[in-house]
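Quick notes on the structure that follows.
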Amino acid sequence: MTLRPIITAPDPRLQAMSTDVETVTDEIRKLADDMAESMYGADGIGLAAIQIGIAKRVLVIDLDQKEGKRNPVAYINPKILWASEETAVFEEGCLSVPEIWDDVERPARIKCEYLDRDGKKQQLEADGLLATCLQHEMDHLNGVLFIDHLSRLKKSMALRKLTKAKKLKETA
Ligand code: K2U
Ligand code: ZN
């Protein structure tokens with residue numbers, strides 16, 4: 001498994017529309033493994049392939065991280081089949097949007113289908129943190145960051161902070 005660098009905003013690559021995986025091959029399984037390794041390396045609980053520069057519709061999420069225990073789940077070509085009218089607000093962050101945290105309102109419960117790492121079609125009903133994380137990651141597959149859900153003022157302040165941090169890092 002390979003640790004891959006995570007792209008941080010602002011970066012046009014994060015706005016790409018990721019494309020479906022045609023066939024779940026060993027190469028896709030290796031991508032999912034590298035994504036998991038990169039996610040753990042950054043202390044994340046989810047990661048979309050675009051965040052390591054691969055515009056394919058692949059996510060990895062691990063909400064079960066306990067001391068020493070790892071249970072990364074790959075979601076390939078995930079689609080939301082149904083979303084509740086009821087909404088929930090979570091304070092979100094993002095490995096591609098460092099040091100920015102803010103409340104985002106999303107449907108509280110979702111039903112989605114996806115292919116697992118063996119290429120088998122699965123269905124899932126999610127609520128709580130899993131519902132939020134799945135929707136956050138599926139936003140990434142459509143080139144959407146959580147700051148795109150914030151007010152114009154908050155988004156511009158976030159982008160200004162991210163641009164300044166990136167410039168400082170590049171000149172360091
Ligand atoms: O896209 C991501 O970076 C995944 C998020 C997962 C997540 C976002 C919002 C709500 C629930 C989960 C990160 O892996 S977890 C948040 C985070 C952000 C920065 C540093 C560490 C952890
Ligand atoms: Zn994110």
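The values are calculated or read from the model by the stated rules, or taken from the named source; none is laboratory data. Here the structure is a predicted model, which is why all the values come from computation and not from measurement. In this analysis, Cβ positions are derived from the backbone assuming ideal geometry, glycine residues included, and neighbour counts consider all displayed protein chains. Please note that ligands, DNA and RNA were not included when accessible areas were found on the heavy atoms of the full protein model with its side chains. Shrake-Rupley method; radii C 1.70, N 1.55, O 1.52, S 1.80 Å.
Of these, Leu81, Leu95, which one is of a type outside the set (Gly, Ala, Ser) and within 16 Å of ligand 2 (Cβ to nearest atom)?
Leu95
Which one is nearest to Glu22 (Cα to Cα) among residues in the stretch 98-120 that are within 16 Å of ligand 2 (Cβ to nearest atom) and open to solvent by 30 Å² or more (accessible area, probe 1.4 Å)?
Pro98
Specify which of the listed residues (Leu124, Leu134, Leu141, Leu159) is more than 15 Å from ligand 1 (Cβ to nearest atom), surrounded by 16 or more Cβ atoms within 10 Å (Cβ to Cβ) and within 22 Å of Ala32 (Cα to Cα).
Numbers: Leu134 fails: more than 15 Å from ligand 1 (Cβ to nearest atom); Leu141 fails: more than 15 Å from ligand 1 (Cβ to nearest atom); Leu159 fails: within 22 Å of Ala32 (Cα to Cα).
Exactly one residue qualifies, and that residue is Leu124.
Scanning for something modelled with pLDDT under 95, polar (S, T, N, Q) and out of contact with any strand residue (DSSP E or B) (no Cβ under 9 Å at 6 or more places or on another chain), does the stretch 153-170 turn up at least one residue? Give the steps one after another, and end with the answer.
So in the stretch 153-170, the residues modelled with pLDDT under 95 come out as 165-170.
From the residues that got through so far, the ones that are polar (S, T, N, Q) too are none.
No, the stretch 153-170 has no match at all.
Which pairs do you get when a residue that is closer than 13 Å to Asp102 by Cα, found in the stretch 145-170, comes within reach of a residue that is within 14 Å of ligand 2 (Cβ to nearest atom) and charged (D, E, K, R), reach meaning Cβ atoms under 6 angstrom, with the pair 6+ apart or on two chains?
Pairs found: Phe146/Glu92; Leu150/Asp102.
Where in the stretch 92-162 are there strands (runs of 3 or more DSSP E), lying wholly inside it, with at least 2 residues that are over 18 Å from the mean Cα position of the chain (by Cα)?
Numbers: elements: 102-107, 109-115, 121-127.
Because the criterion is at least 2 residues that are over 18 Å from the mean Cα position of the chain (by Cα), the strands (runs of 3 or more DSSP E) in the stretch 92-162 that meet it are 121-127.
Within the bounds of the stretch 14-32, is there any residue that is open to solvent by less than 10 Å² (accessible area, probe 1.4 Å), in contact with a helix residue (DSSP H, G or I) (Cβ under 6 Å, 6 or more places away or on another chain) and without any contact (Cβ under 8 Å) to a residue 60 or more places away in the chain?
no
Taking Lys69 as the residue in question, decide whether it is open to solvent by 70 Å² or more (accessible area, probe 1.4 Å) and either more than 18 Å from the chain's Cα centre (by Cα) or more than 13 Å from Leu134 (Cβ to Cβ) (or both). It would help to see each step written out before you state the result.
Details: open to solvent by 70 Å² or more (accessible area, probe 1.4 Å): yes; either more than 18 Å from the chain's Cα centre (by Cα) or more than 13 Å from Leu134 (Cβ to Cβ) (or both): yes.
Against the criterion (open to solvent by 70 Å² or more (accessible area, probe 1.4 Å) and either more than 18 Å from the chain's Cα centre (by Cα) or more than 13 Å from Leu134 (Cβ to Cβ) (or both)), Lys69 qualifies.
Tell me whether the stretch 78-85 contains one or more residues that are open to solvent by less than 30 Å² (accessible area, probe 1.4 Å), over 29 Å from Arg160 (Cβ atoms), under 16 Å from the mean Cα position of the chain (by Cα) and in contact (Cβ under 8 Å) with a residue 12 or more places away in the chain. Break it down into steps so the answer makes sense when it comes.
Pass one, the stretch 78-85, residues open to solvent by less than 30 Å² (accessible area, probe 1.4 Å): 78, 84.
Checking which are over 29 Å from Arg160 (Cβ atoms) leaves us with 78, 84.
When the remaining residues are screened for being under 16 Å from the mean Cα position of the chain (by Cα), the result is 78.
Imposing the further condition that a residue be in contact (Cβ under 8 Å) with a residue 12 or more places away in the chain reduces the set to 78.
Yes, some residue in the stretch 78-85 is open to solvent by less than 30 Å² (accessible area, probe 1.4 Å), over 29 Å from Arg160 (Cβ atoms), under 16 Å from the mean Cα position of the chain (by Cα) and in contact (Cβ under 8 Å) with a residue 12 or more places away in the chain.
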